[in-house]
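The values are calculated or read from the model by the stated rules, or taken from the named source; none is laboratory data. Source: prediction; values computed, not measured. For neighbour counting, all protein chains shown are included, and Cβ atoms are generated from backbone atoms with ideal geometry for every residue, glycine included. Side chains included, ligands, DNA and RNA excluded: accessible areas come from the protein's heavy atoms. Shrake-Rupley method; radii C 1.70, N 1.55, O 1.52, S 1.80 Å.
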Amino acid sequence: MDIVFQDGAMETWTADVLITFLSDGCDIVPANGLLDNLCPWLPIAPALRDVRTKKNALHMVHGHPDGRIKRVLFVGLGKKEDISLPAIAEGLAQAIRSCRSLALRTILIPIELFDTLPFGRTRLIEECVVAAECAAYDSGLYKKEPGEIKPESLTFAAAHNDDFSKDTLHAAGKRGQVSAKAALLARTLANTPANFLSPTLFAERAVAHAKKLGLSVTVLDEDEIKREGMHALLAVGKGSTNPPRLIVLEHAGPGDPIVLIGKGICFDSGGISLKPAAKMHEMKSDMSGAAAVLACMEAVAEEKLPLHVIGILACAENMPDGGAVKPGDVVYALNGDSVEIVNTDAEGRLVLCDAISYAKKHGSPRAIVDIATLTGACAVALGSEIAGLFTNSESLATALLSAGETCGEHLWRMPLWPGYRKQLKSEIADICHTGPRLGGAINAALFLEHFAGETPFAHIDMAGVDWAEKSSGLCPKGAKGFGARVLLEFLRGGAVWRSI
Ligand code: BES
Ligand code: MN
Ligand code: ZN
């Protein structure tokens, strides 16, 4: 979708549809009469209260037949005090999905309408671009019929020339496009069925993305993973005919790296500790952490962020064949610790612990941040809108929480409660990979922290967050592509983490 900025008199604006917003009381947001000249009956429509202002209510008004603006689409935002960037994004996304069903291709948003809201033009533009791109996403990846027409252009128009720098607006639009591309790459990968995305195929895709943008990339196959000593990762992949892969992407920059690690379980059947059949198909998206890391790395390269960033995707398929790891088995992780495996369905922490040790063995990371669909317990605790954040570093906590707030991928801090470390004691090995059911998300995080040691470390548990049970304007049922944006925003806000 082309993002266009236009200033000049309203009479010069052209579009299939102009989208604007209404809040309760039927006043245009803000009611500055900007649209009054567009067609004489426009200001009357809201006053007649034909137009509903309920959140996400849509109302189309046709323009004058000779006019250059063919239609105006009002989007309800509900109560004035509830107007927020995410609310505007979802309203716009629904509006754009309805434009798509009418095959409208050119969309215009008058940005001056937003000037009395406390968000600022650049943030609004960025979020509107993300929303528009997300509304153009279809999940029918394997359907013969293509989805509905996608918009060609989104124009931000201002009637009055002012001193607001065009470059700043363009940069905001570009940032929005990069953010959306990252989120949608993560979404597409997580929606891709496991038969189209084994660890090997994931590695091929990662290499293709990396090459396009000049990221360096290394893929370790199962022999190299074994030679390296990553027996926890190997153990998870043993029960599948599709062998594991460790994919390492690097964006060059000054100083020690920030390392991002993603859980890349291409399918999680539970292994010998087999999951129940209901909803098992959703476990094709158990690699969404790795997808988020790959998508973020691509964005980092595209924006040429002046940082040294390494992305590690720890990929394996958790399957229950005759060679599978068994409950009670003990394996030696890369750091030399023996690990007792009690429940083969707690596979995520096994691939992640070796990725953490790998990052520490091959460099001295300034910080390690992992992201994973790790525990049902975290989903029970926090639900589907916020992901759990566990960290041993106050500055990582600040930076990640604020990144989440900025982009709307919210994180909530959870405890790395030291008192529960004893729950990971094993009779037979140095450490047990699971603790009791109670506090399950914390136990998993404590297991990972053990391998991070003194390195500043953050763990994001997004189980339950990435899978949308219902369609919305921004996202059809299925994977959301959560995580890419919050990681990217964290890295963009370089000033914060430089203090780590
Ligand atoms: N991939 C699952 C966690 C998950 C659950 C993700 C629901 C998305 C939605 C993970 O590998 C898992 O199975 N965790 C177990 C751990 C337990 C055996 C200690 C769980 O949460 O039940
Ligand atoms: Mn599992
Ligand atoms: Zn899993």
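Is it fair to say Pro456 is over 30 Å from Glu302 (Cα atoms) and open to solvent by 20 Å² or more (accessible area, probe 1.4 Å)?
In short, no.
Might you check whether a residue that is within 12 Å of ligand 2 (Cβ to nearest atom), out of contact with any helix residue (DSSP H, G or I) (no Cβ under 6 Å at 6 or more places or on another chain), open to solvent by 10 Å² or more (accessible area, probe 1.4 Å) and among the basic types (Lys, Arg) occurs anywhere in region 293-314?
Checked region 293-314: no residue is within 12 Å of ligand 2 (Cβ to nearest atom), out of contact with any helix residue (DSSP H, G or I) (no Cβ under 6 Å at 6 or more places or on another chain), open to solvent by 10 Å² or more (accessible area, probe 1.4 Å) and among the basic types (Lys, Arg).
Of all residues being loosely packed, with under 14 Cβ neighbours inside 10 Å and in a helix (DSSP H, G or I) in region 375-404, which is nearest to ligand 2 (Cβ to nearest atom)? Just the residue, please.
Once the filter is applied, the top-ranked residue is Val380.
Checking the structure you have, find out if any residue of region 83-95 is touching a Lys or Arg at 6+ places or on another chain (Cβ under 9 Å), aliphatic (A, V, I, L, M) and either part of a strand (DSSP E or B) or closer than 30 Å to Ala194 by Cβ (or both).
no
Among the residues that make up region 465-473, is at least one of them among the polar types (S, T, N, Q) and open to solvent by 30 Å² or more (accessible area, probe 1.4 Å)?
Yes, region 465-473 contains a residue that is among the polar types (S, T, N, Q) and open to solvent by 30 Å² or more (accessible area, probe 1.4 Å).
Of the residues Ala232, Ala190, Ala172, which single one is assigned to a helix (DSSP H, G or I), outside the structural domain of Asp286 (by TED's automatic domain parsing) and open to solvent by less than 10 Å² (accessible area, probe 1.4 Å)?
Residue meeting the stated conditions: Ala172.
For region 254-277, which positions are of a type outside the set (D, E, K, R), at pLDDT 95 or above and out of contact with any Gly (no Cβ under 9 Å at 6 or more places or on another chain)?
Of everything in region 254-277, those that are of a type outside the set (D, E, K, R), at pLDDT 95 or above and out of contact with any Gly (no Cβ under 9 Å at 6 or more places or on another chain) turn out to be Ile258, Cys266, Phe267, Gly270, Ser273, Leu274, Ala277.
With the condition kept exactly as written, say whether any residue in region 344-357 is surrounded by fewer than 24 Cβ atoms within 10 Å (Cβ to Cβ), more than 16 Å from ligand 1 (Cβ to nearest atom) and in contact (Cβ under 8 Å) with a residue 40 or more places away in the chain.
Checking region 344-357: at least one residue is surrounded by fewer than 24 Cβ atoms within 10 Å (Cβ to Cβ), more than 16 Å from ligand 1 (Cβ to nearest atom) and in contact (Cβ under 8 Å) with a residue 40 or more places away in the chain.
Would you say Asp354 is assigned to a strand (DSSP E or B), assigned by TED's automatic domain parsing to the domain that holds Asp286 and closer than 21 Å to Gly311 by Cβ?
Judged against the criteria, Asp354 is not a match.
Residues are listed down the side, and each one gets a yes or a no for (1) within 12 Å of ligand 1 (Cβ to nearest atom); (2) over 18 Å from the mean Cα position of the chain (by Cα); (3) of a type outside the set (D, E, K, R):
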{"residue": "Ser273", "(1), (2), (3)": "yes, yes, yes"}
{"residue": "Ala277", "(1), (2), (3)": "no, yes, yes"}
{"residue": "Ala291", "(1), (2), (3)": "no, no, yes"}
{"residue": "Lys304", "(1), (2), (3)": "no, yes, no"}
{"residue": "Leu307", "(1), (2), (3)": "no, yes, yes"}
{"residue": "Ile312", "(1), (2), (3)": "no, no, yes"}
{"residue": "Met319", "(1), (2), (3)": "no, yes, yes"}
{"residue": "Gly322", "(1), (2), (3)": "no, yes, yes"}
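Yes or no: region 303-316 includes at least one residue that is within 16 Å of ligand 3 (Cβ to nearest atom), assigned to a loop (DSSP other than H, G, I, E, B), under 21 Å from Leu274 (Cβ atoms) and not hydroxyl-bearing (Ser, Thr, Tyr).
Checking region 303-316: not a single residue is within 16 Å of ligand 3 (Cβ to nearest atom), assigned to a loop (DSSP other than H, G, I, E, B), under 21 Å from Leu274 (Cβ atoms) and not hydroxyl-bearing (Ser, Thr, Tyr).
In region 272-280, is there at least one residue being more than 29 Å from Gly435 (Cβ to Cβ), in contact with a strand residue (DSSP E or B) (Cβ under 9 Å, 6 or more places away or on another chain), outside any strand (DSSP E or B) and not hydrophobic (A, V, I, L, M, F, W, C)?
no
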